[in-house]
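Here is the structure we will look at, set down as structure tokens.
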Amino acid sequence: MVWVIGDKGMLGTELSLALEKAGLGHVGSDREVDITDRVALEGFAEGKRIKWMANCAAYTAEDEPELCQRLNVEGAAEIAKLAERMGAGLIHISTDYVFDGNGERPYREDDETNPAGVYGRTKRDGELEVLKNCKNSFVMRTAWLYGRHGSNFVHTMVRLMNERESVRVVDDQRGSPTWAKDFAEMIAAFIRVADSGKNMSPGVYHYTNEGDVTWREFAQAIYEEGRRLGVITKDCAVIPCATEEYPTKARRPAYSVLDKTKIKDALGMKAPEWKASLRKFLSEWAP
Ligand SMILES: NC(=O)c1ccc[n+]([C@@H]2O[C@H](COP(=O)([O-])OP(=O)(O)OC[C@H]3O[C@@H](n4cnc5c(N)ncnc54)[C@H](OP(=O)(O)O)[C@@H]3O)[C@@H](O)[C@H]2O)c1
């Protein structure tokens, strides 16, 4: 049985669907089982034969450092300690924000972390808690996620492009747009392979869709595909701008491409190319 924690979030929802599709039994919890509350976590697990925990719960608000600390660090530690006590495997989701984004080649799992903000620092500290407290733990970093559930860049762009004549999008940050459904299916495959007896080395793994673009290039592709599929119904220009012109609370890494060799080798599978996945995602949405 796989326990999906944060199962009402963007990734958690997709992971529950992917486990279903892979024929893997699962249960889920979200806010009603607070991950910082050990008693609540133990109460939920009691009587269930939990073999895997997948932690998709996180807190991203840069201006709420205490909540980020509680969820991303203390919650992650509680989950890891419980997984260890139960003898379960733990898949813990993390982020490209653990890097400073000054890199010039895809980040490998063992590259030095250097988070620039509260979210990234607490996610990095959470990774360390997980690896310290649970022997059979797998930290899976991803980036630039979008999906059907919850707010994300694709939803925002489609809405704005249907409302405005132009949108300004930063053109000096590079990464790999990643469909939450692809990531969820990879996690399900990972569990299946590990359950089949293959020895998966605990530690950090990177996963995104294949290829990399700037946010402006991503927005342009959303526009072109969305227009073709009828998801975007009017003309809209995508205008490039620089990061300084569009300040955000959390400083986004300028370069957040992740090297996926390790996970691809472990599973013997490829990651879908980002544009093909975007096309599939928008087709599911099309009228
Ligand atoms: N989204 C991205 O672009 C991105 C990129 C890289 C990595 N990641 C990582 O991917 C993972 C999943 O992200 P996501 O975008 O799917 O997140 P999400 O949509 O915000 O989902 C997180 C879920 O956890 C729930 N939650 C909040 N506090 C909780 C608590 N105390 N106890 C239990 N559950 C709680 C949230 O509920 P509420 O909604 O009510 O708060 C939400 O349903 C995270 O680890 C994130 O760091 C995300």
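The values are calculated or read from the model by the stated rules, or taken from the named source; none is laboratory data. Here the structure is a predicted model, which means the values were calculated and not measured. Here the Cβ positions follow ideal geometry from the backbone for every residue, glycine too, while neighbour counts run over all protein chains shown. Note: areas computed on protein heavy atoms with side chains; ligands, DNA, RNA excluded. Shrake-Rupley method; radii C 1.70, N 1.55, O 1.52, S 1.80 Å.
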*Taking H placed 1.01 Å from N in the peptide plane, check which residues at least 5 places from Met53 or on another chain put their amide H under 5 Å from its amide H.*
Trp3, Gly89, Leu90, Ile91
_Cut-off under 5 Å, modelled amide H: who pairs with Val204 long-range_ = Val139
_For the chain, calculated [θ]222 nm from helices alone, where every DSSP H run of n ≥ 4 adds -39500 (n - 2.57)_ = -12000 deg cm²/dmol
*Span from the the stretch 72-114 Cα centroid across to the the stretch 18-40 one, whole angstrom*: 19
*What list of ³J(HN,Hα) values in whole Hz, one per residue of the stretch 139-153 in order, does the Karplus curve 6.51 cos²θ - 1.76 cosθ + 1.60 (θ = phi - 60°) give from phi, with Gly and Pro shown as x?*
8, 10, 8, 9, 7, 6, 6, 9, x, 5, 9, x, 7, 7, 4
*What FRET efficiency, computed as 1/(1 + (r/R0)^6) with R0 = 22 Å and r the Cβ-Cβ distance, is obtained for Lys48 and Leu128, rounded to the nearest 0.05?*
0.20
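Using 0.36 nm times the number of residues separating Arg85 and Asp259, minus their current alpha carbon distance, what extension gain do you get? List each step's numbers first, then the result.
Working: separation 174, 0.36 × 174 = 62.64 nm, distance 3.23 nm.
Difference between extended and current length: 59.4 nm.
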_As a test, work out the antiparallel percent of DSSP beta bridges whose residues both lie in the chain, rounded to the nearest 5._
5
_Would any residue of the stretch 46-61 have its amide N under 16 Å from a label point 7 Å out along Cα→Cβ of Met1? List them or say none._
46-54
_the stretch 262-281 and the stretch 149-222: distance between their alpha carbon centers, rounded to Å_ = 10
*asked:* For a 29 Å ceiling on Cα separation, which of these pairs sit above it: Lys135/Lys280; Lys81/Lys249; Lys48/Lys81; Lys21/Lys260; Lys8/Lys280; Lys48/Lys198?
replied: Lys135/Lys280; Lys81/Lys249
*Percent RCO, i.e. relative contact order, over the chain, from Cα pairs under 8 Å lying at least 6 residues apart*: 21
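For a test of the definition: using alpha carbon positions, the gyration tensor, and the 1.5 limit on a/c, classify the stretch 194-285 as rounded, prolate or oblate.
oblate
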*asked:* For a quick check: with amide H placed at 1.01 Å from N, whose amide H comes under 5 Å from Asp259's, ignoring anything fewer than 5 positions away on the same chain?
replied: Tyr107, Arg108
*Roughly what angle does helix 10-21 make with the longest principal axis of the chain, taking Cα atoms, 0 to 90 degrees, to the nearest 10?*
60
*Backbone HN-Hα couplings from phi across the stretch 184-195 [Karplus 6.51/-1.76/1.60, Hz, Gly and Pro as x]*: 4, 5, 5, 5, 4, 5, 4, 5, 4, 5, 5, 5
*State the percentage of accessible surface on the chain attributable to carbon and sulfur atoms; use a 1.4 Å probe and exclude ligands, DNA and RNA.*
48
